[in-house]
1. Using only Cα atoms, locate the centre of region 32-67 and the centre of region 122-141, then give the distance between them in Å, rounded to an integer.
2. How large is ³J(HN,Hα) for each residue in region 289-300, as worked out from phi by the Karplus curve 6.51 cos²θ - 1.76 cosθ + 1.60 (θ = phi - 60°), to whole Hz, x for Gly and Pro?
3. Quick one: which residues, 5+ away or cross-chain, put their amide H under 5 Å from the amide H of Leu39? H built at 1.01 Å from N.
4. If a/c stays under 1.5 just call it rounded; otherwise compare a/b with b/c (prolate if a/b is bigger, oblate if not). Do that for region 53-210, with a ≥ b ≥ c from the square roots of the Cα gyration tensor eigenvalues.
5. Taking every pair of distinct Cα atoms and averaging 1/r, then inverting, what Kirkwood hydrodynamic radius in Å comes out for region 1-140?
6. Among the aspartates and glutamates, select those whose C-alpha is under 15 Å from the C-alpha of Lys89, and discard any that sit fewer than 8 residues away in the same chain.
7. Can you tell me how region 147-190 classifies by the Cα gyration tensor, rounded, prolate or oblate, using a/c under 1.5 as the rounded cut?
8. List the aspartates and glutamates whose Cα sits under 14 Å from the Cα of Lys321, skipping any in the same chain fewer than 8 residues away.
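Please treat every number below as a calculation from the coordinates, not as lab data. What you see is a predicted model; the values in this text were computed from it and never measured. Note that each Cβ is placed from the backbone with ideal geometry, even for glycine, and that neighbours are counted across all protein chains shown.
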Amino acid sequence: MNGILDLLYQLSAIAISPATAAFAIAAIGLNLHFGYTGLLNMGQAGFMLLGAYGFAISVQSGLGFWPAVLIALVVVMVFALILGVPTLKLRGDYLAIVTIAAAEIVRMIGRSSIMGPITGGSNGIPGAQYRDAFNDLSFFPPGSSTLLWFTFENTGVSGWWIRFVAWALVALLCLLVWLLIRSPWGRVLKGIREDEDAVRSLGKSAFSFKMQALVLGGVIGAIAGIIYVLPSSVQPDAMGRSTTFFIWTALLLGGAATIFGPVLGAVLFFVVRIFVQGVTAMVVPSNVMSTQQTEQFSYIVIGIALMLLVIFRPQGILGNKKELSFSV
């Protein structure tokens, strides 16, 4: 009985964790790329990593929190522009290959020994070197607080302050995307997704709108990267190809081209993974399957579930089949 209660607590705690919120934010940015514009961006983790590096290195250099955030966002905007100018004329698989290669270049440069004095190389940047700039902004009182069955430090490494900011950003970005997609700008993005040639025939610059979507989605990814590393550290290998695939899983699970689909998908991704891992650990003896193997098994189950979802409900949980027409 205690094992079941512990598992339920873990599931509820992971559902409101900063990491889950960071993945939800990253999926919102990816949704702007793929769900609404039809861009097959397979390098969202690269935007996250650049945002994290820009923020952490800026704070290390003595800048305050807000200048560091601004620098991180500007760096990602410049990267998106450099990436988009030669690649946004590509479609489908070609764009996917280029974006995943660009994200890998960012990761490999960050973890290289030459960049060690700046990025920390493969060891990364410890959170203690940049986290205080964020925690100093907290208006929560010292100590810890209990809400429902959760007890966390008010301004700890993974306390109420980071959770409050992370999920507030999720809500604000959902509202922002909702407003943008209902605007004429958003309707042009949907038009590009469904028939880019038709949009050009109406005198609209498809390239310009795709570039705007790429930059905005990348900036949202940078925000996700900052949130992701605040409770932990900047580790280049922690934001590699697998991170992008996890974000895609969250997006497709919740439903592309929906407002709350990325959020629901991110929560379900983490909750289902921990649930499968916990149940497997309780049912299967440790001499048959180790803790590491149960974690790997949980990813296998999620992969199978995603395949079945794509086959039988390709629009995702909250998606609409009418939103599945892509010009790629």
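1. The two parts, judged by their Cα centres, are 17 Å apart.
2. For region 289-300, the Karplus curve yields 9, 6, 4, 5, 5, 5, 5, 5, 5, 4, 5, 4 Hz.
3. Here the answer is Phe34, since their amide H atoms fall under 5 Å of that of Leu39.
4. oblate
5. Here the Kirkwood hydrodynamic radius works out to 17.2 Å.
6. The qualifying aspartates and glutamates are Asp195, Glu196, Asp197.
7. prolate
8. Glu194
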